[in-house]
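What follows is a single structure, written as structure tokens, with notes after it.
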Amino acid sequence: MSLANKYRPTTFDTTVGQEHITDILKSKIKNSQQSNHNYLFFWPRWTWKTSVARILSKAMNCLDLQDGNPCNKCANCIAINEWKTLDYVEIDAASHTWVDNIREEILAKTDYPPTQLKKKIYVIDEVHMLSKWAFNALLKTIEEPKDYMSFILATTEIEKVPETIVSRCQVFNFKKIPTDKMIARLQEICKQENLWYEDEALDLIESMAEWCARDAVKYIDQVSVFGDISVKNVTNLLGIVGDNTIKEFLEIIKSWDRSQIFTRVDEVHSQWIDLAQFAKQVIMYIDHHLMEDVEFFLKISEFFGEILSMIRYYPYPNMVYKIVLNKCVSGDETQVEMKKEKPSKVILNETKWSEESIWSKQDSSSQAPQNDTVETKKVEQQSEINDELFSKIWDQIDSKTLQHGLKNFVHVKSVTDWKIELIVIDKMTEISLKKEENQKLLEQKILENTGKSYSIDIEYMDKDAYFSQMML
């Protein structure tokens, strides 16, 4: 048995990092408050959503509860653990997408009470994969379930679940597992498996897993083939590097020596290091050490973000590094001169007034003929104005969620006389921006910073399609 399955949580108390949910569910079970027939668990992958669904199912049917936890010893708990009952059903929506699957697996059996358990439980994993017609068929049953029936839905993309379904469920938002709790869990597993480990090796595994519990335990399982969980074994087997390698790489970039940077990229590639994972590690390192060199780290993080977005489309990942880092080096050669000419704050202030003067001059001479040179200058100036002001405008948004979406998932497509076209590459951000109050807020902030009214036009584009287009 794999370690991921062996150490999968079996009670609420052994579910690491989701206490804000498990404490509520345990309290409901202890107080026999099972009035909610439908539950919806959502957010990051591999954060125990399906495991908690199974634990909740056992708790609702357990014959010998232990302080709100299932005992895992009674006939009902064993029947669920060993899949020996038809009253507990787990459905993978990814392979049961169509309405006929829902009719056959659920609807045709809802009229029959449980034969062994106290409650008949249906767990639908990745529920967002169901078709529109499957959701419609399921809706009536979820809306008015029988007393002996409960539905537990799990998803990583709640925005794809119809509101009619969401509104009929008690919703629980899972979160990424905190670093300290993840490390403690890995240490506990290593001790129980009699595996010698280095703390730095566990730190590497935790960072590579990106808060996903199953990935972290899976990596422990893989590295344990060599016996010890050491930094050397982790880096060799998983294709990752330690902090010292990343620090050295960043120092080479900071030298702005193109030849030295390219040589180091080839060296890293020749060591069979996963370059996509390496880019992620660099960004995480920057996040942890940002205050040590804010200006340099912020600039470099943008380039490594570009590397991540491009690397999946290139057969030679080391070339992606060279293409992007070459732009980084080339840009730095002119950066100092640009700063000498005009500080950024002065540019913003001058830009605001220069734009007003441009428009006032154009209005006063609107009937006069204009040559191509004047028109070209106006367009160039307008584009420059808005490109410089947008980051400042986003910073003025009070809502942190909206501000995060604007900074990370919104790109300016074009600016015309009275309209700004935005491309949005995240569905939740698109929904937020299309709210009337948010559009009015953006238009007001743009007016305050430019002295001119613009309307906002929003276009959604799939993230992969957007980055593919940018590479053309």
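The values are calculated or read from the model by the stated rules, or taken from the named source; none is laboratory data. Because the structure is predicted, anything quoted here is derived from the model rather than measured. Every residue, glycine as well, gets a Cβ built from its backbone with ideal geometry; the counts of neighbours run over all protein chains shown. The area values use the complete protein model at the heavy-atom level, side chains included, leaving out ligands, DNA and RNA. Shrake-Rupley method; radii C 1.70, N 1.55, O 1.52, S 1.80 Å.
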Q. How do the pairs read when you match residues in region 232-260 that are without any contact (Cβ under 8 Å) to a residue 24 or more places away in the chain with residues anywhere that are open to solvent by less than 80 Å² (accessible area, probe 1.4 Å), using Cβ under 7 Å and keeping only pairs 6 or more apart or on different chains?
A. LEU237/GLN222; LEU237/VAL223; ILE252/ILE261; ILE252/ARG264; GLN260/ILE252
Q) Of ILE152, ILE165, which residue is farther than 30 Å from LYS218 by Cβ, among the β-branched types (Val, Ile, Thr), more than 21 Å from the chain's Cα centre (by Cα) and open to solvent by less than 40 Å² (accessible area, probe 1.4 Å)? A) ILE165
Q: Kindly provide the set of residues from region 365-400 that are farther than 20 Å from LYS452 by Cα, of a type in the set (Ser, Thr, Tyr) and at pLDDT 75 or above, ordered by number.
A: SER399
Q) When you look at VAL217, is it modelled with pLDDT of 90 or more, farther than 25 Å from MET319 by Cα and surrounded by 14 or more Cβ atoms within 10 Å (Cβ to Cβ), yes or no? A) yes
Q) From SER301, SER309, which residue is free of Cβ contacts under 8 Å to residues at least 40 places away in the same chain, of a type in the set (S, T, N, Q) and in a helix (DSSP H, G or I)? A) SER301
Q) Of everything in region 81-108 that's of a type outside the set (Asp, Glu) and more than 32 Å from the chain's Cα centre (by Cα), which residue is nearest to ASN38 (Cα to Cα)? A) LEU107
Q: State all residues of region 24-69 that are polar (S, T, N, Q) and open to solvent by 20 Å² or more (accessible area, probe 1.4 Å); if no residue qualifies, say none.
A: SER27, ASN31, SER32, GLN33, GLN34, SER35, ASN36, THR50, GLN66
**Q.** Filtered residues of region 395-448 (kept if surrounded by 13 or more Cβ atoms within 10 Å (Cβ to Cβ) and of a type in the set (Phe, Trp, Tyr))
**A.** PHE409
Q: Any chance you could count how many residues in region 453-472 are surrounded by 15 or more Cβ atoms within 10 Å (Cβ to Cβ) and modelled with pLDDT of 75 or more?
A: 5
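Conditions (1) modelled with pLDDT under 90; (2) in contact with a strand residue (DSSP E or B) (Cβ under 9 Å, 6 or more places away or on another chain); (3) under 17 Å from CYS169 (Cα atoms); (4) not small (Gly, Ala, Ser), marked per residue:
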residue	(1), (2), (3), (4)
ALA79	no, yes, no, no
TRP83	no, yes, no, yes
GLU104	yes, no, no, yes
LYS109	yes, yes, no, yes
VAL123	no, yes, yes, yes
LYS140	yes, no, yes, yes
PHE151	no, yes, yes, yes
Q) What residue, of THR450, THR416, is in contact (Cβ under 8 Å) with a residue 40 or more places away in the chain and more than 24 Å from SER301 (Cβ to Cβ)? A) THR450
Q. Just checking, how many residues over region 104-138 are open to solvent by 40 Å² or more (accessible area, probe 1.4 Å) and either among the polar types (S, T, N, Q) or within 21 Å of LYS160 (Cα to Cα) (or both)?
A. 8
Q.
Consider region 10-23. How many of its residues are part of a helix (DSSP H, G or I), buried (at least 17 other Cβ atoms within 10 Å of the Cβ) and free of Cβ contacts under 8 Å to residues at least 60 places away in the same chain?
A. 2
